[in-house]
Each structure stands twice: as C-alpha cells, then as structure tokens.
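Report on one structure; see the data block that follows.
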Amino acid sequence: MSQANELYQQVILDHNRNPRNYRPLPEATHACHGHNPLCGDNITVFAKVDASGNLEDLSFQGNGCAISKASASLMTSQLKGKPLAEARQLFGEFHEMVKGDLNPETTPNHLGKLKLFQGVKEYSSRIKCATLAWHALMGALDRQENTSTE
C-alpha cells in the first residue's frame, strides 16, 4: 500500500470515528437534508451565515458510510469562517477533483486537506458518498430543505 493510500485511509477512518462539527446547530440560518439513494446515506448540514456573508458556524448530523461522514467532517472544518463565495468555489473544485476533471497536483486550487479524496475518482459509486455533504451545503445556501445526489 502506498503512503498516500495509507494516509487517506487513516484520515478517513479518523474523521469517521471522531467526526468534527457533528452536532445540531440550533442557531443555524440555513439547513438542508441530503440523501444518497444509491447507498442510503443521509446527512443534514447546518450553517450559520453572518451579516457579512461568511459561514460563521457549520455542522452536520446523519448517518452514512465512512467516506460521506469523513467528507462532511473535513468540509465543515475547512469552510468554517469562510465567505460563501469561497465555499461555492471549493465545492466546484472538490466536485471536479472527485470526478477526475481536476488534478490537484497540477491545477491551482484551494483544496488543502481535501486533496485526500482525489482517489475517490477510481470508484465511481463512491463519488456520490464523497459529495453528499457538499450537495447538502449548496442546497442549504440555496434555501432548499432537501437535496439528493441524483
């Protein structure tokens, strides 16, 4: 197993077992429930957007596979405090990366630790797992109550 693969597995397992920002957010200004019908994952993302248009706080709850839970954990950690425009940009970069349309090693990006998910592109059925929380966040920001990976 390569070092990159081993690191990927360690980070995914850590964020699955000890997800960051896994909690309700009673003061949320935005929320959306996301569902992946392919595997049954369900994640609700909560966002508190301040008057300046920044993600003041971000959290999630739900159940799903290790990839969907770890992706939600890393997403909420990386986006907390960021402007909405930056969150939307990062969604685009992340989505393109996991589909295999963006190589984070050769294309300028803002992915940071999220680059660990680049291997997901090798498993097409897992792309929806990795992007579920992201779709729920975009749904929340677009004032949708529910969204799906379909």
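The values are calculated or read from the model by the stated rules, or taken from the named source; none is laboratory data. Small disclaimer: the values here were computed from a predicted structure and weren't measured. A quick note on method: Cβ atoms are made from the backbone with ideal geometry, for glycine too, and the neighbour counts reach across all protein chains shown. Side chains included, ligands, DNA and RNA excluded: accessible areas come from the protein's heavy atoms. Shrake-Rupley method; radii C 1.70, N 1.55, O 1.52, S 1.80 Å.
For His135, all conditions in the list (1) part of a helix (DSSP H, G or I); (2) out of contact with any strand residue (DSSP E or B) (no Cβ under 8 Å at 6 or more places or on another chain); (3) open to solvent by 20 Å² or more (accessible area, probe 1.4 Å) hold save one; what is the number of the exception? Among (1) part of a helix (DSSP H, G or I); (2) out of contact with any strand residue (DSSP E or B) (no Cβ under 8 Å at 6 or more places or on another chain); (3) open to solvent by 20 Å² or more (accessible area, probe 1.4 Å), His135 violates only (2). The one condition from (1) in contact with a Leu (Cβ under 9 Å, 6 or more places away or on another chain); (2) under 19 Å from Leu141 (Cα atoms) that Ile12 does not meet is (2). Here Glu96, Glu122 are screened, and the one residue that is touching a Leu at 6+ places or on another chain (Cβ under 6 Å) and more than 22 Å from Arg23 (Cα to Cα) is Glu96. Pairing each residue of the stretch 39-51 that is under 11 Å from Thr29 (Cα atoms) with any residue that is β-branched (Val, Ile, Thr) and at pLDDT below 95, provided the two are 6+ apart or on different chains, yields no C-beta distance under 8 Å. Against the condition within 20 Å of Arg23 (Cα to Cα), at pLDDT 95 or above and part of a loop (DSSP other than H, G, I, E, B), how does Gly81 come out, does it pass? Yes; evaluated as a whole, the condition is true for this residue.
In this structure, does Asn5 turn out to be within 17 Å of Thr149 (Cβ to Cβ) and either outside any loop (DSSP other than H, G, I, E, B) or in contact with a Leu (Cβ under 8 Å, 6 or more places away or on another chain) (or both)? For Asn5, the condition - within 17 Å of Thr149 (Cβ to Cβ) and either outside any loop (DSSP other than H, G, I, E, B) or in contact with a Leu (Cβ under 8 Å, 6 or more places away or on another chain) (or both) - is not met. Looking only at residues in the stretch 50-64 that are among the hydrophobic types (A, V, I, L, M, F, W, C) and within 15 Å of Ala136 (Cβ to Cβ), the one that is surrounded by the fewest Cβ atoms within 10 Å (Cβ to Cβ) is Leu55. Between Leu74, Leu102, the distinction of being among the aliphatic types (A, V, I, L, M) and not in a loop (DSSP other than H, G, I, E, B) belongs to Leu74 only.
The criterion of being at positive phi and open to solvent by 30 Å² or more (accessible area, probe 1.4 Å) does not hold for Arg126. Taken over the stretch 7-65, the criterion of being under 15 Å from Trp134 (Cβ atoms) and out of contact with any strand residue (DSSP E or B) (no Cβ under 9 Å at 6 or more places or on another chain) is satisfied by His15 alone.
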